[in-house]
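Engineer: The following block contains the structure, expressed as structure tokens.
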Amino acid sequence: MRVTPTPDGRLLVHDPAPDLRYDMGNPRLFATLNGQGHITHFHLPEGIGLIHSWTHTARVNGVPIKWAEAEAVGRSWTLRGSALDVEITLRTVCPANSPELIQVWQVVNRGSMDRIFTLTLDVVFDLCQPAVRVGTSASATRLYHLLSDHPLARRTLGPRRWRMLNRISEAQKRLAAVAGRQLPEVEILVDGLRAQGATSATLRAGDTPLSLDPAPLQSSLSFRQEIRPGRTYTLPLVLGANGSTDPAGYRAALEDADEYTHWLTTAFEHPDPLLRSLFVASLNTALAMYKELPSGFAGLWAGPGYAYPPRIYFRDSYWTALILLPYRPDWVRNHLLNLATGIHPDGTCPSGVIDRAILPFEDQDEPGTTDWLSDHRDSPAFFVLLLHEVLAWTGDMSLLNEKLEDGRTIWACAQACLNCLTANPAKDRAPNDWADNVLRSEWVTYDLALLVGALHAAADIARNIGESNAAATYAQDAYQISQLLQIHNWDDNQGYYVDYRRTGEYGGLPFIEDHLALDTLMVLRFHAAPPERATRLLEAVRSKLQTRSNMFQPYEDWGVMCCWPPYSLRQDLFGKSAQPYNYHNGAEWPYLSATYAQILLERDDPGWRYPLTRWWEIHMERGWLTPVEYHSPAHPPGAFLQGWSGLVVSAMLVGGLKLRPALNGKITLRTPPWGASTLRHLIVRGQPRTITVNESGAQM
């Protein structure tokens, strides 16, 4: 199997393996196809799976089809193959908004003899609610905050407190088993099947099946068609939720997928197929994250691997939103308003917010029950940073005065977030930031840098709305936090900021995790480091974290590690991060590599291409067709179609072109290092824009 990018950014797979996968999505579904065209996953974003499996057996005169190539782009997955002298194309698409998959067989007889095409389709429907109860009750949420905040609990339990807090927080990930999952009821239609469970699913065909066998465990449909020489047989199959399927509309669905493909592949035109395919796949991944539920809950999901309970994250969604703001600012605005409902009055924020509608009725109005993992240290800063980005891209300052159900404005929520963080900038010994399998505590470079960035963002907002005193206060706070960074986290001997430092002043023994972590580059992204230290930090990252330069790591050239060497204190690790080169302990994370690439682009550093593209080259080598969450030569990859892993789009726009509006709307473009190119479909301050780069520079 070999994957190559085409000149317009599609991915072409030669000799596709059966276990190859392609993920796609729209606001009402996540779906996965394999290298034989089987549908391996089809889930609604509220957590209901339409099918357990969808498999087929297709032959021509009894000869199985051999798939020669596959094409992946946007919401389309196409297989091309043959049997005898018959050419077969199998294309699967999902429409822009509805919960449907359309699979179309096209069989062309290129020979001189009649041929018989047979297809047997086996489907196992799901249609069950995934759980009755999600996470802990309101009483458990109150217990978490008691142990977290009460002075007596903090003093009595000391460093052991995090273990209790983590158990309570992790309990939210445990879904109560459904009592006696019922098999769906399946009935025969003239042209297919209808199944009824927690929701309904309809499978209809554009031809009359030779036989239909409905069954709760596995339903089968069989088709047989004689095809004369030079003739074509087309068989559309449509699978959808809530009975809205119509096989007669398959042409419109294919046209819609083609239009979306054209939109994607013309968003960035450039002669480099690798760079163009990276842009196409990354933008498509981010666009697939926006979901809308029947309850009204909407926003940016993290990815299909994090789909249930239906939730939106503060952290992941910030990076995904940066990709989408130049293309779908209305989606990001809607997302931010839903995200704000998770901000507690004291400014603390969970890792994410779940849809209230899936909670037991008695828990729905209790404070904190929509928390997904309580009290994450980086969440408040990410909310303020995202608010600033939305205001800058849209110019809609009225967003600040939007009110939640309890009467708080968005601006008041942002200020509460900052008050929470500045009241005590030292982090508790808990796994409650990006590295949530590591017990980083006290002076954590990543968290302090985010806080500096959030304070600068708030100062900018305050200045633009005439709150000069607040602006001055936030600017002074940003300076003081940046000084804490220099005092506690800079290691002059090594020439970089250490990951985290415990002084012992907050309990426990003093300790310094003095390896180099890629997330310490947040000090450069958010302007929290003096220029001379920035230069030394980037030199250290180049020599230690770029695997092509680090001869001490054992796996040759595979991208940019998120830390080196691996974590040194075993007691601070658990889960996947307890393994070297896995998860937070040295794997490559495309979103962090993109952040690194953006910093290099902004500084006109010629080394920008390696962190931007090397991970995508690894994806091609391994047959991963959508950006994954993280990867390492030593361990299986993380989740596929991961929203924030498409951050290279933002890195190229902001770092390469300097396309980032100020709050006053000012933009000063520059010529990117990749040269002549065209970028389309951008929306800046509500106006459609196209950027052309040529020998005269960049014009919008």
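Engineer: On C-alpha positions alone, give me the angle between the axis of helix 468-489 and the longest principal axis of the chain, in degrees, nearest 10.
Structural biologist: Long axis of 468-489 versus the principal axis of the chain: about 90 degrees.
Engineer: Long-range amide H contacts for His52: which residues qualify at under 5 Å (H placed 1.01 Å from N, peptide plane, sequence gap of 5 or more or a different chain)?
Structural biologist: HN-HN under 5 Å from His52: Val124, Phe125, Asp126.
Engineer: Per-residue counts of other Cβ atoms within 10 Å, averaged by peptide: what ranking do you get for 570-578, 638-646, 119-127, highest first?
Structural biologist: The peptides rank, most packed first, as 638-646, 119-127, 570-578.
Engineer: Further question on the same structure: Taking the chain as the reference, fit the longest principal axis to its C-alpha atoms, fit the long axis of helix 250-265 to the helix C-alpha atoms, and give the angle between the two in degrees, 0 to 90, nearest 10.
Structural biologist: 40 degrees
Engineer: For Arg622 and Gln218 in one chain, what is 0.36 nm times their gap in residues minus the Cα-Cα distance, to one decimal in nm? Spell out each step's value before the answer.
Structural biologist: Numbers: separation 404, 0.36 × 404 = 145.44 nm, distance 3.30 nm.
Answer, rounded to one decimal: 142.1 nm.
Engineer: Once you place label points 7 Å from the Cα toward the Cβ at Glu69 and Ala96, how far apart are they in nm?
Structural biologist: 3.0 nm
Engineer: Mind checking which aspartates and glutamates have their C-alpha under 12 Å from Lys291, skipping anything on the same chain fewer than 8 residues away?
Structural biologist: Cross-link targets: Glu46, Asp355.
Engineer: Could you give the dipole magnitude of the chain about its Cα centre, charging the beta-carbon of Lys and Arg +1 and that of Asp and Glu -1, in debye to the nearest 20? Kindly include the intermediate steps, with their values, before the conclusion.
Structural biologist: On the way: 63 positive and 73 negative charges, 100 e Å.
Value, rounded to 20: 480 debye.
Engineer: Just to verify a number: FRET efficiency for Arg670 and Asn424, C-beta to C-beta distance, R0 = 45 Å, to 0.05? Don't jump to the answer; show the numbers that get you there.
Structural biologist: On the way: r = 40 Å, r/R0 = 0.89.
So the FRET efficiency works out to roughly 0.65.
Engineer: With θ taken as phi - 60° and the coefficients 6.51, -1.76 and 1.60, list the Karplus ³J(HN,Hα) couplings across the range 569-578 in order, rounded to whole Hz; mark glycine and proline as x.
Structural biologist: Here the 3J(HN,Hα) series is 9, 4, 5, 8, 10, 7, x, 5, 6, 6 Hz.
Engineer: While we're on this one: If I take R0 = 35 Å and measure r between the Cβ atoms of Ser244 and Gln364 in this structure, what FRET efficiency does the formula 1/(1 + (r/R0)^6) give, to the nearest 0.05?
Structural biologist: On the way: r = 29 Å, r/R0 = 0.83.
Between Ser244 and Gln364 the formula returns 0.75.
Engineer: May I pose another question? Find how much the distance from Arg231 to Met164 grows on full extension, using 0.36 nm per residue of separation minus their present alpha carbon separation; answer in nm with one decimal. Write out the running numbers ahead of the final one.
Structural biologist: Numbers: separation 67, 0.36 × 67 = 24.12 nm, distance 6.87 nm.
Length gained between Arg231 and Met164: 17.3 nm.
Engineer: Would you kindly state how much longer the chain becomes between Ala634 and Leu146 on full extension, computed as 0.36 nm times their sequence separation minus their alpha carbon distance, in nm to one decimal? If you can, show how the numbers build up before the last one.
Structural biologist: On the way: separation 488, 0.36 × 488 = 175.68 nm, distance 4.05 nm.
Full extension from Ala634 to Leu146 adds 171.6 nm.
Engineer: If packing is taken as the mean number of other Cβ atoms within 10 Å per residue, what is the order of 99-105, 258-264, 468-474, highest first? Could you put the intermediate results ahead of the total?
Structural biologist: Values: 99-105: 24.6, 258-264: 17.3, 468-474: 15.6.
Packing order, densest peptide first, comes out as 99-105, 258-264, 468-474.
Engineer: Now a separate question. Take Ala472 and Arg251, extend 7 Å from each Cα along the Cα→Cβ direction, and tell me the distance between the two endpoints in nm.
Structural biologist: 7.0 nm
Engineer: Evaluate the distance, in nm, between pseudo-label points positioned 7 Å from the Cα of Gln486 and of Leu569 along their respective Cα→Cβ axes.
Structural biologist: For the pair Gln486/Leu569, the computed spacing is 2.6 nm.
Engineer: Nearest 0.05, what FRET efficiency do Glu556 and Asp605 give at R0 = 22 Å with Cβ-Cβ as r? Present the calculation step by step, with values, prior to reporting the outcome.
Structural biologist: On the way: r = 23 Å, r/R0 = 1.06.
Given R0 = 22 Å and the Cβ-Cβ separation, E is 0.40.
Engineer: Compactness ratio of the range 437-533: Cα Rg over 2.2 N^0.38 Å, N = residue count? Mind showing how you got there, number by number?
Structural biologist: Details: Rg = 14.6 Å, N = 97, 2.2 N^0.38 = 12.5 Å.
Against the compact-globule rule of thumb, the ratio is 1.17.
Engineer: Where does the chain land at 222 nm, in deg cm²/dmol rounded to the nearest 500, when only DSSP H runs of n ≥ 4 count, each adding -39500 (n - 2.57), divided by all residues?
Structural biologist: Values: 15 runs with 201 residues, N = 700.
Rounded to the nearest 500, it is -9000 deg cm²/dmol.
Engineer: Only residues of the range 245-281 count here: report those whose backbone N is under 12 Å from the spot 7 Å along Cα→Cβ of Asp8, or say none.
Structural biologist: Taking a point 7 Å out along Cα→Cβ of Asp8, the residues of the range 245-281 whose backbone N falls under 12 Å are 258-267.
Bear in mind these aren't lab numbers, they're just calculated from the coordinates by the rules spelled out. Quantities reported herein were computed from a predicted structural model and do not represent experimental measurements. Glycine also receives a Cβ, built like all others from the backbone with ideal geometry; neighbour counts cover every protein chain displayed.
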